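Report on the following structure.
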Amino acid sequence: MTGWRSDVGLALRLLMRDWRAGELTLVALAVVIAVASVTTVDFFTDRVYQALSRQANQLLGADLVITGDRPLGDAFEREAGRRGLQVTRMLRFPSMTALQDRNVLSEIKVVSTGYPLRGELRIADALYQPDRRATSIPEPGTVWVDEKLYTRLQLQAGDAVEVGNSRLKVAAIITQEPDSAVGFINAGPRVLLNEADVAATGLVQVGSRVRYRVQVAGPPAAVDGYRAWVSAQLAPGQRVESIEDARPEIRSALDRAGKFLGLSTLLSVILAAVAVALATRRFLQRHLDACAVMRCLGASQGRVVRLYLLQFIALGCVASLAGCVIGWLAQHALALWLGNLVTVALPGAGVKPALQGFVIGLALLLGFALPPLTAMGRVSTLRVLRRDIGAPRGMGALGYVLGAAVISSLVLWKAGELKSGVVVLAGFAGALLVAALVSWAVIAAVSQLRGGGVSWRFGIANLRRRRLASMLQVMALGSGVMALLTLTIIRGELLQLWQGSLPADAPNRFIVNIQTDQIPALQRFFAAQGIGMPELYPMVRARLARINERPVAPADFTDDRARRLVDREFNLSWATRMQKDNSLVAGNWWGANPQRRDQFSMEDGIARSLGIKTGDVLTFDSAGSTFAAEVTSLRKVDWDSFNVNFFVVAPPGLLDRQPVSYVTSFYLPAGNVALLNALVKEFPNFLLIDVAQVLGQVKTMIDQVSNAVQFVFLFTLLAGLVVLYAAIASSHDERLYQATIMRALGASRAQLARATLAEFAVIGALSGLIAAAGANALGYALAHRVMNIGYGFSLTVWMVGVVGSIVGIVLAGHLGTRQALQVSPLRVLRQLA
């Protein structure tokens, strides 16, 4: 024990000496950046998870909620009453809310007496006035609206708004309500309505998108027993939620966002690992003499390794702690970046992200430092007399298997699941391998070039002599620059292409919930406005019940999208002519004169998600009536056309007997608000959707998330710069000796400076080329696989990537090697003597 205490004291003294000498600055900086990048994201997501947990009751407004897309019946309420539980009912659906010549798409929330059972509903009598807790729900004939709707409709005290066929007085302003406390993307304007008024509005009809809810509250034991009973009674389309799984869609979105940002931080961790590997290798090379002296003075191999291991453990603890502090500070900035996406006051961060970051920092440092540290114990004592004895074996590429295992483990951990982790790991490895091969090939090709003067030849010779170090620099810097190019230039170009891909007269308004008996009146309305009647499409809402003979349930699928599709109703339609923005992928379209009516044409994407192929027989349930048909074709749909389209289409005759409503879309020139107001007044049950507004919200969300990712990638850029400086520093001694010899042979400082600039110009050009190629490839994949738009060669990306990389890396290289050119040759030669 005494020996260990003395070793700890000696290791700390050695650490302070090496720190003052600047030997460990790069190692510490790399660890700090890696830990800071990881903990920034982890701290932020931890705060949101805490908010979800602390406000679970408010998120639900009850202890248990049963939801469905059809009326739930009385059985759930009767059983809850029998068990002594409190019960309320709720309907939620979108509709237009109007005042004079202004109308806004709002979320209508219809509630019964007793709402809310949990949480707090707060109202105010006027905008921005002190609020109070509500002790009831709106009186019949009145509504309560939120601040957004109050502002957008420019309401005044005593105004009455039109909701469907009813005019209802605005009696209060909602300042806080349950089940709207936390969310990604701010909720739209809301209206709270007494259930006694819903029938008079005429809004709940065939085709209305209504979600029915029964909310219960009571003692935990009674609620648990009731949930067990409910779970056995649930029908397709019905779901039960409790406090433990409150707002699962938000948790799912947060999980995906957290994983994406977490994987983004791994690029900076990988680059930091490269910097640690380079810096510790240089540390070993500069301490071989000290190790040999300690061996001569009687230190065993084990003690030499132990001293340096303790030194690195102490350094890792301090650097990891500093990274955690920086991450804790940076997550506040990340919360500001995402301020419009997170609509709740976040609690303070817990200690778990700090502990995880601390472990990551130590694992990263020791994983890449142990191989050279182990080799230090095998330094020959003869090195004291013979400086020409090289470093011991075990410092090559195979010595870093442990480091590669650490990085692989981090990737798999952050991915959250083995499959996606392996894909990400393979992607990282593939990209780095391509960058390495390209770097090796280009350096080899450039080395064969002749001419360009002494400075050029000497600079290229340096690249060839330090080929591995040069390749590492190109790989690291190319990855960092590619990330920045993708998140700045590529993102902007894709958004412009996406917006430019829409025709000038693309539909920007959708009308949903058109009833059959309203079609003649709608035709007369458009004729009176001097607008051609847009095409109407029949729409039948039905639930997928069976695929072939197999009943379908969300639990049958592992893919999130497939589970959501099966859990809700499909919109089906019929047609004889395939729309122009559809194209066949498999099978045959039935044409103008179908030979049989029991056929389905399915959108290819949803078919793949559900594992459906041509020849399968699908059974649907529409309001208790079932019908089945064979899938005879698969279609690819250009959803960006913004025309009305459907996942499932049948020939005429199959769906005719089902409850049907109609949907259409049309183009409305900007500023023609009078037509919309007149349309809403004449047809109050219509749901009018402004696609332009939706596009604006989506673009805002993309911008905010992209800004957050850019913020995270600042750590990647810092890590890339550290790698560059570590690579320069690792060859500092060699450059110093080379410069000395060249100066002694008559080379001037200007010639050596030009040689260094030539070397780093090639590294910058290679990094820029790899970054531009990677960014273009990623942009192409996003355009064709995600956004379905054309994307090709981007001259801007290549110019900015290559020129920016050359200028930045040449400048950094010049600053990093300037000292080697300024040292007197005589001083270096005396040290060598």
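The values are calculated or read from the model by the stated rules, or taken from the named source; none is laboratory data. Remember, it's a predicted structure, so these values are computed and weren't measured experimentally. Positions of Cβ are generated from backbone atoms using ideal geometry, with glycine treated the same way; all protein chains shown enter the neighbour counts. Just so you know, the surface numbers come from the protein's heavy atoms only, side chains and all, with ligands and any DNA or RNA stripped out. Shrake-Rupley method; radii C 1.70, N 1.55, O 1.52, S 1.80 Å.
Okay, here's what the table says:
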read-out	value
Looking only at region 16-38, and only at residues there that are open to solvent by less than 20 Å² (accessible area, probe 1.4 Å) and under 15 Å from Thr280 (Cα atoms), the one that is modelled with the lowest pLDDT	Asp18
Residue list for region 125-161, filter: in a strand (DSSP E or B), open to solvent by less than 40 Å² (accessible area, probe 1.4 Å) and modelled with pLDDT of 90 or more	Thr142, Val143, Trp144, Val145, Ala160, Val161
Flag if Thr88 is open to solvent by 60 Å² or more (accessible area, probe 1.4 Å) and among the hydroxyl-bearing types (Ser, Thr, Tyr)	no
Any hit, region 560-573, residues being under 34 Å from the mean Cα position of the chain (by Cα), touching a residue at least 12 places away in the same chain (Cβ under 8 Å), within 15 Å of Leu610 (Cβ to Cβ) and in a strand (DSSP E or B)	yes
Residue count, region 630-639 (criterion: surrounded by fewer than 21 Cβ atoms within 10 Å (Cβ to Cβ) and in contact with an Asp or Glu (Cβ under 7 Å, 6 or more places away or on another chain))	4
Subset of region 612-629 (residues that are farther than 19 Å from Ala542 by Cα and surrounded by fewer than 17 Cβ atoms within 10 Å (Cβ to Cβ))	Lys613, Gly615
Matching residues, region 294-332, being loosely packed, with under 14 Cβ neighbours inside 10 Å and either part of a helix (DSSP H, G or I) or modelled with pLDDT of 80 or more (or both)	Cys296, Gly302, Leu329
Set Arg387, Arg383: member being modelled with pLDDT under 65, among the charged types (D, E, K, R) and surrounded by 20 or more Cβ atoms within 10 Å (Cβ to Cβ)	Arg383
Identity of the residue in region 645-696, in a loop (DSSP other than H, G, I, E, B), among the polar types (S, T, N, Q) and at pLDDT 80 or above, that ends up surrounded by the most Cβ atoms within 10 Å (Cβ to Cβ)	Asn685
Check on Phe642, among the aromatic types (Phe, Trp, Tyr) and open to solvent by 30 Å² or more (accessible area, probe 1.4 Å)	yes
Candidate set: region 443-454, residues that are part of a helix (DSSP H, G or I) and open to solvent by 50 Å² or more (accessible area, probe 1.4 Å); chosen: the one modelled with the lowest pLDDT	Val454
Scope region 724-765; condition among the hydrophobic types (A, V, I, L, M, F, W, C), within 30 Å of Trp328 (Cα to Cα) and modelled with pLDDT of 70 or more; matching residues	Ala726
Within region 110-122, tally of residues that are buried (at least 21 other Cβ atoms within 10 Å of the Cβ) and at pLDDT 90 or above	3
Hey, Thr67 modelled with pLDDT of 75 or more, closer than 18 Å to Ser112 by Cβ and hydroxyl-bearing (Ser, Thr, Tyr) or not	yes
For Arg457: the one exception among (1) at pLDDT 70 or above; (2) buried (at least 20 other Cβ atoms within 10 Å of the Cβ)	(2)
Candidate set from region 212-236 (those that are in a strand (DSSP E or B) and open to solvent by less than 20 Å² (accessible area, probe 1.4 Å)); member that is modelled with the lowest pLDDT	Ala217
Flag if Ala415 is open to solvent by less than 20 Å² (accessible area, probe 1.4 Å) and at pLDDT below 70	yes
Residue selected from region 811-820 under the condition open to solvent by 30 Å² or more (accessible area, probe 1.4 Å) and either touching a His at 6+ places or on another chain (Cβ under 6 Å) or hydrophobic (A, V, I, L, M, F, W, C) (or both), by the criterion modelled with the highest pLDDT	Leu811
Top-ranked residue in region 343-369 [being at pLDDT below 75 and touching a helix residue (DSSP H, G or I) at 6+ places or on another chain (Cβ under 6 Å); ranked as farthest from Ala292 (Cα to Cα)]	Val344
Test: Val161 is in contact with a helix residue (DSSP H, G or I) (Cβ under 7 Å, 6 or more places away or on another chain), of a type in the set (Val, Ile, Thr) and over 30 Å from Thr45 (Cβ atoms)	no
Exclusive hit being of a type in the set (Val, Ile, Thr), open to solvent by 40 Å² or more (accessible area, probe 1.4 Å) and at pLDDT below 70, set Val786, Val803	Val786
Within region 520-544, considering residues that are charged (D, E, K, R) and open to solvent by 70 Å² or more (accessible area, probe 1.4 Å), the one farthest from Asp621 (Cα to Cα)	Arg524
Residue in region 194-211 that is open to solvent by less than 60 Å² (accessible area, probe 1.4 Å), of a type in the set (Val, Ile, Thr) and either in a strand (DSSP E or B) or at pLDDT below 80 (or both) present	no
Region 326-340 residues that are closer than 12 Å to Val38 by Cβ and polar (S, T, N, Q), paired with ones that are at pLDDT 70 or above and surrounded by 14 or more Cβ atoms within 10 Å (Cβ to Cβ) (beta carbon under 6 Å, 6 or more apart)	Gln331/Thr40; Gln331/Phe43; Gln331/Phe44
Some residue of region 705-716 being modelled with pLDDT under 70, over 24 Å from Ala34 (Cα atoms) and open to solvent by less than 50 Å² (accessible area, probe 1.4 Å)	no
